[in-house]
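Encoded as structure tokens, the structure appears first; notes follow it.
The values are calculated or read from the model by the stated rules, or taken from the named source; none is laboratory data. Note that the coordinates shown come from a computational prediction; the quantities given were computed from them, not determined experimentally. Neighbour counts are summed over all protein chains in view; Cβ atoms, including those assigned to glycine, are modelled from backbone coordinates with ideal geometry. Accessible surface is based on the protein model in full, side chains and every heavy atom, while ligands, DNA and RNA are left aside. Shrake-Rupley method; radii C 1.70, N 1.55, O 1.52, S 1.80 Å.
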Amino acid sequence: QLLSRPKTVFSGKNVLVTAGGTRERIDPVRFITNDSSGKMGYAIAAELVNRGANVTLISAPTRLTVPNGTHLVPVTTTEDLADAVVHHFPKADILVMAAAVADFRPKTSVDQKIKKTADNDEMTLSLVKTTDILKTAASLKQPGQLTVGFAAETQNLITNATKKLTSKQLDLLVANDVSQPGVGFNGDTNQVTILSRDKTPVQTALVSKTAVAATVVDELARLVDTKEG
Ligand code: CTP
Ligand code: CA
């Protein structure tokens, strides 16, 4: 099957895709996470495999089946994910950060279950900021490497997304307005605006995540083409 695939700009390219929502443990029975299902990242990984890329899928926990042909690197926390990206990025031609990364984690991890106490009706959890993985990747980025980020926004989509494109030194930023029905986390559909540095944004309709993945990968192909002349 590998041999019968038509040659594309991704043939033989090493692509690192991250997906899923990271988990930050509070105690042995509780953790903080987010609504990510991993579907968007898995759809992009599958699309890239179909176009001939060597795909390493760094995945936080999901309920999904790992796409055929990807090399899976399972992770749980944001720091695990950061370590895996730093480890694999030097050999990657492209990094796609579709993972929904926890921005904060509990300051202290406790190894015993936190108990309610009779005298306390409130409790405070101290959180500290996690590593910004795309910013780390930006500092490691070599000429020829492409990085793709995602932005889930609930307001000022284009303004916020443009800031992320610049501050994280991305080549492509896939923005979705998660306040809209059928968009973003968990569902099987999505509607995105794809920002790049050289072109007016590309908007998809509200379509399946598989169809969105194809459009994102088309835009990525355009950039690979441009870069390689
Ligand atoms: N991201 C990352 N490291 C983090 C947080 C996010 O690499 N610690 C990546 C995500 O995988 C995504 C992009 O950065 O590709 C944007 O994530 P988002 O949560 O939208 O942006 P933040 O920079 O975390 O800003 P905020 O959540 O405050 O909007
Ligand atoms: Ca965030």
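Quick notes on this one:
- Any chance V212 is open to solvent by less than 50 Å² (accessible area, probe 1.4 Å), away from ligand 1 (no atom under 12 Å from the Cβ), modelled with pLDDT of 95 or more and among the β-branched types (V, I, T): yes
- Residue count for the range 76-85 satisfying the condition of being away from ligand 2 (no atom under 16 Å from the Cβ) and farther than 19 Å from N54 by Cβ: 3.
- Flag if R51 is in contact with a helix residue (DSSP H, G or I) (Cβ under 7 Å, 6 or more places away or on another chain) and open to solvent by 20 Å² or more (accessible area, probe 1.4 Å): yes
- Taken over the range 184-229, the residue count meeting the criterion of being under 20 Å from A46 (Cα atoms) and assigned to a helix (DSSP H, G or I) is 16.
- Matching residues, the range 115-151, being farther than 26 Å from L223 by Cα, within 9 Å of ligand 1 (Cβ to nearest atom) and either touching a strand residue (DSSP E or B) at 6+ places or on another chain (Cβ under 7 Å) or of a type in the set (A, V, I, L, M, F, W, C) (or both): K129, T130
- Qualifying positions in the range 124-155 - at pLDDT 95 or above, open to solvent by 70 Å² or more (accessible area, probe 1.4 Å), within 15 Å of ligand 2 (Cβ to nearest atom) and out of contact with any helix residue (DSSP H, G or I) (no Cβ under 9 Å at 6 or more places or on another chain): L127, K129
- Any hit, the range 74-87, residues being of a type in the set (D, E, K, R) and over 16 Å from the mean Cα position of the chain (by Cα): no
- Among the conditions (1) open to solvent by less than 20 Å² (accessible area, probe 1.4 Å); (2) in a helix (DSSP H, G or I); (3) of a type in the set (A, V, I, L, M), V86 misses just one, which is (1).
- Residues of the range 93-119 that turn out to be outside any strand (DSSP E or B), more than 16 Å from ligand 2 (Cβ to nearest atom) and among the hydrophobic types (A, V, I, L, M, F, W, C), as a count: 3
- Test: D177 is more than 10 Å from ligand 1 (Cβ to nearest atom) and touching a residue at least 24 places away in the same chain (Cβ under 8 Å): yes
- Filtered residues of the range 152-170 (kept if assigned to a helix (DSSP H, G or I), touching a strand residue (DSSP E or B) at 6+ places or on another chain (Cβ under 8 Å) and within 12 Å of ligand 1 (Cβ to nearest atom)): L157, N160, A161, K164, L165
- For the range 171-183, the tally of residues that are away from ligand 2 (no atom under 13 Å from the Cβ), modelled with pLDDT under 95 and either at positive phi or assigned to a loop (DSSP other than H, G, I, E, B) (or both) stands at 5.
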